[in-house]
1. Would you pull out the residues with amide H under 5 Å of F523's amide H, same chain only if 5 or more places away, H placed 1.01 Å from N?
2. Excluding ligands, DNA and RNA, what is the solvent-accessible area per residue of the chain at a probe of 1.4 Å, expressed in Å²?
3. Provide the net charge surrounding V165, with neighbours chosen by a C-beta distance below 13 Å and charges set as Lys +1, Arg +1, Asp -1, Glu -1.
4. If I take all pairs of Cα atoms in the range 281-330, what percentage of them are more than 13 Å from each other?
5. So for the chain, averaging the separation of alpha carbon pairs under 8 Å that are six or more residues apart and normalising by length, what relative contact order in percent results?
6. Ignoring ligands and nucleic acids, what accessible area does C435 show with a 1.4 Å probe (Å², nearest 10)?
7. Within 14 Å, Cβ to Cβ, of V296, how many net charges do the neighbouring residues add up to if Lys/Arg are +1 and Asp/Glu are -1?
8. Calculate the radius of gyration of the Cα atoms of the range 1-46 to one decimal place, then report Dmax, the largest Cα-Cα distance, as a whole number, both in Å.
Amino acid sequence: MTPLKWFYSFLKKYRARLCLGLFLTTCIAGLSIVNPYISGIIVDDVVLKENYDLLPKLVACLLGVTFLTGILRFSYQVTFETASQGLLYDMRGKVYRKLLEEDFAFYNKKRTGDLMSRQTGDMDAIRHFVAAVIYTVYQNILLFIFALLMVFTVNTKLALCMLVVLPFTAVTTYKQSKEVKPAFQRNRNCFSSLNAFVQENVSGNRVVKAFAKEDFEIEKFEKENDKFMNSQIKGSRVWMKYVPIFEILSYSLTIILMLYGGYMVIHGEISMGDLVRVNGYLWMLNNPLRMAGWWVNDIQNFITSVEKIYATYSEEPKVRTPRTGGITTKIRGDVEFKDVAYRADDEDIVMGINFKVKAGQRVGIIGSTGAGKSTLMNLLCRFYDTTSGEVLVDGQNVRRHDLYNLRDNIGMAMQDVFLFSDTIEGNIAYGRPDCSFEEVKHAAVMADANHFISALPEGYDTIVGERGVGLSGGQKQRISLARALLKDPSILILDDTTSAVDMETESYIQTQLKKIQKSCTVFIIAYRISSIKDADLILVMDGGHIIEQGTHEELVAQGGYYAKAFRNQYGEIPYDLIKEQKKAL
């Protein structure tokens, strides 16, 4: 499908309304020839022949046509504006839904500011085209044709003289359309880049202030702003080059009328009333010629915007729900990785991953930064698809599961906590918006968040700033954990969820997690041994491989990476002594 066919798929819903608007536009164009015609009659029959009895009727006709034209003009403008807003509503909703369907790989390559410019500036260019450009171009084409026909009824030679300018206008319009399209593409790209830069810096304003880099960011902004300004100026040069030509062509009609039309009146080939009549049609001939360059700009701006929106919309996600027969049953929580490997951007992220977990077990994952810990969970949630091997949930490849059902059965507290600009209650209940307040509070209690939430002036009704601004890292983590727990998932993933909380809070959270362990498979990614030492299975990762796996006791006895990390965190205390102290407690 081409971009314009895709646009038409939205436009056809409003065909009836647009046809009505074009019909009203046609009526107005037809009425436009009446007043100049009557003006000619007034000059010939009323002024020159002194037939004043006709004057009241002719004036009444002029007023009636003017009044009717005003009503019709208001009607078709409302019709086109309503159609444009409806089309924009449908298109924006369709594009937004498609954006939500895109996978992680899509968002890894796209900048938020670019996507926002698709939904704002480019969408507005399309709205302007439907609301104004369509009827304006159509109306002026009709005005030119009707006026030219009326001039032919007055005098054929005069009309043919006026037709001389048309080939020059057509050639100029064609040349401008060729030059202006790349200019608009540059403009839209520079606007997207500027929009992305501003969005990124507004979101990261705390980092900018923390490093006192305001001047540095202002300098970068000025460069982006200069690029956008220069692209606009280059585009303006195209208009500056061609718009004067259209002006000259339009004024040439006036010169033709004044010189050749005056000559014909002097020699009696046409009457003075005919000259006045043709002069009345002159604006109908001039305006399309004068505005042709601007309409080319609007049309090319519209085409460029449609192409950019469609280019974003047409990108298909690589991770999709099976077309038929996707598994939608409740997940038990059995998980198995069989010879799993994942490669992205020509780099091996994880390789040769093999482990098996039964429903209700707790799995700890530990390893150095960049070892691939979070990637395993992304593969489990099918945010990405494996390059080779299989990820099995309840014995079935995750590719066979309905994508929505799979993720709906998984609760995830992500490493990068994101909170919406909503109340704390709304953030916790995000996964189950229809749950009761008691359930929200219970999840907060389990995440050890209830006490600090209750201490806030508005409690659970406190509005959280964008991305949780105003809350500490530990508070955001606990709200994120409560959000995951409230889903009552079959699989719970905690990606470094307690890194920003104190040891006492972490111990409380671990105790609460044990209460749900029988009904939920828990994966805990952590750097603290204390977070995972009680797990049924511990995976130790390094360089994309599982280098060790087993229970806490087994891994300490092996004396490898895990044992070294344990000694670094707990000191050189003999492990047997720690076991004795633990039993004593």
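1. Answer set, sorted by chain and number: V363, L492, I493, L494.
2. Value returned for the chain: 51 Å² of accessible area per residue.
3. 0
4. Every Cα pair in the range 281-330 considered, those over 13 Å come to 75 percent.
5. Worked out over the chain, it gives 14 percent.
6. Estimated to the nearest 10 Å², C435 gives 20 Å².
7. Around V296, the charge tally is +3.
8. 19.1, 61
The values are calculated or read from the model by the stated rules, or taken from the named source; none is laboratory data. What you see is a predicted model; the values in this text were computed from it and never measured. Ideal geometry is used to build each Cβ from the backbone, glycine not excepted, and the neighbour counts take in all protein chains shown. With ligands, DNA and RNA removed, areas are computed over all heavy atoms of the protein, side chains included. Shrake-Rupley method; radii C 1.70, N 1.55, O 1.52, S 1.80 Å.
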